[in-house]
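The values are calculated or read from the model by the stated rules, or taken from the named source; none is laboratory data. Please read these numbers as outputs of a predicted model, since none were measured by experiment. Virtual Cβ from ideal backbone geometry, glycine too; neighbours counted across all protein chains shown. Side chains included, ligands, DNA and RNA excluded: accessible areas come from the protein's heavy atoms. Shrake-Rupley method; radii C 1.70, N 1.55, O 1.52, S 1.80 Å.
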Amino acid sequence: MADRTHEALTHLGSRHTEYRRDYAPEVLEAFENKHPEHDYWVRFNCPEFTSLCPITGQPDFAEIRIQYIPDVKMVESKSLKLYLFSFRDHGDFHEDCVNIIMKDLIRLMEPRYIEVTGIFTPRGGIAIWPYCNYGRPGTKYEKMAEYRLMNHDLQR
């Protein structure tokens with residue numbers, strides 16, 4: 001009998017992949033965390049992120065780092081790749097991109113804790129590395145988010 005655990009995942013294993021070029025949070029998919037009884041980190045390094053400057057239309061390139069402590073749901077990695085690719089023709093400032101990514105992942109997974117860093121390639125001689133995070137309110141993760149935000153530069 002075939003394993004039907006991931007039946008709801010439409011992108012994984014698909015022979016035809018549609019790459020959206022417009023911001024598409026609806027491509028994100030989640031699956032059940034098989035180890036919700038304890039905390040652990042999941043980290044994604046996405047070194048080929050691109051978006052557009054909303055003023056000039058010029059491309060911006062970045063490595064997006066996403067780290068989270070899951071609760072019940074986890075993001076499926078191929079859907080995350082397709083989602084990040086959908087920023088390709090999306091115009092937003094660097095700071096907006098990392099906050100949008102974090103908020104979309106919070107809506108999808110409701111993680112215990114999440115942080116997103118954008119390491120954008122310098123343009124005009126300035127590199128911008130925005131960082132945002134979230135810890136579930138009223139829990140130890142909220143305190144953790146405050147601590148990590150105040151000390152995020154020490155993590156490099």
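Quick test for you: out of 113, 83, pick the one residue that is touching a strand residue (DSSP E or B) at 6+ places or on another chain (Cβ under 6 Å) and under 24 Å from residue 31 (Cβ atoms).
Numbers: 83 fails: touching a strand residue (DSSP E or B) at 6+ places or on another chain (Cβ under 6 Å).
Of the residues listed, the single one that is touching a strand residue (DSSP E or B) at 6+ places or on another chain (Cβ under 6 Å) and under 24 Å from residue 31 (Cβ atoms) is 113.
Could you list all residues from the range 53-72 that are buried (at least 17 other Cβ atoms within 10 Å of the Cβ) and in a strand (DSSP E or B)?
Here is the first cut: in the range 53-72, the residues buried (at least 17 other Cβ atoms within 10 Å of the Cβ) are 60, 62, 64-70.
If the condition is that a residue be buried (at least 17 other Cβ atoms within 10 Å of the Cβ) and in a strand (DSSP E or B), then 60, 62, 64, 65, 66, 67, 68, 69 are the ones that fit.
Out of everything in the range 87-115 that is of a type in the set (Val, Ile, Thr) and assigned to a helix (DSSP H, G or I), what residue ends up being farthest from residue 52 (Cα to Cα)? Outline the logic, then answer.
Keep residues of the range 87-115 that are of a type in the set (Val, Ile, Thr), which gives 98, 100-101, 106, 114.
When the remaining residues are screened for being assigned to a helix (DSSP H, G or I), the result is 98, 100-101, 106.
Numbers: 98: 13, 100: 14, 101: 15, 106: 23 Å.
Ranking the qualifying residues of the range 87-115, first place goes to 106.
Only one of the numbered conditions (1) among the aliphatic types (A, V, I, L, M); (2) part of a loop (DSSP other than H, G, I, E, B); (3) crowded, with 16+ Cβ neighbours inside 10 Å is not met by residue 84, and that is (2). The residues of the range 127-149 that are under 16 Å from the mean Cα position of the chain (by Cα) and open to solvent by 40 Å² or more (accessible area, probe 1.4 Å), listed by number, are 129, 134. Residue 116 fulfils the conditions (1) in contact with a Lys or Arg (Cβ under 8 Å, 6 or more places away or on another chain); (2) farther than 18 Å from residue 45 by Cα; (3) not polar (S, T, N, Q) except for a single criterion, (2).
When residue 124 is tested against the conditions (1) open to solvent by less than 40 Å² (accessible area, probe 1.4 Å); (2) without any contact (Cβ under 8 Å) to a residue 24 or more places away in the chain, the lone failure is (1).
Here is a yes/no grid of residues against (1) modelled with pLDDT of 65 or more; (2) farther than 24 Å from residue 110 by Cβ; (3) in a loop (DSSP other than H, G, I, E, B):
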position: 1; (1), (2), (3): no, yes, yes
position: 5; (1), (2), (3): no, no, yes
position: 16; (1), (2), (3): yes, yes, yes
position: 19; (1), (2), (3): yes, yes, yes
position: 35; (1), (2), (3): yes, no, yes
position: 39; (1), (2), (3): yes, no, yes
position: 49; (1), (2), (3): yes, no, no
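Considering the conditions (1) in contact with a His (Cβ under 6 Å, 6 or more places away or on another chain); (2) among the hydroxyl-bearing types (Ser, Thr, Tyr); (3) under 21 Å from residue 120 (Cβ atoms); (4) at pLDDT 95 or above, residue 79 is excluded by exactly one of them, (3).
Scanning the range 97-114 for residues that are of a type outside the set (A, V, I, L, M, F, W, C) and closer than 22 Å to residue 147 by Cα, we see that the one that is surrounded by the most Cβ atoms within 10 Å (Cβ to Cβ) is 111.
Taken over the range 39-52, the residue count meeting the criterion of being loosely packed, with under 14 Cβ neighbours inside 10 Å and farther than 21 Å from residue 76 by Cβ is 0. Selection over the range 22-35 of residues that are out of contact with any strand residue (DSSP E or B) (no Cβ under 7 Å at 6 or more places or on another chain) and either small (Gly, Ala, Ser) or exposed (fewer than 14 other Cβ atoms within 10 Å of the Cβ) (or both) gives a count of 5.
Quickly run through the range 113-135 and pick out the residues that are among the small types (Gly, Ala, Ser) and touching a His at 6+ places or on another chain (Cβ under 7 Å). Can you show your working first?
Taking the range 113-135 first, the residues among the small types (Gly, Ala, Ser) are 118, 124-125, 127, 135.
Across the range 113-135, the qualifying residue is only 118.
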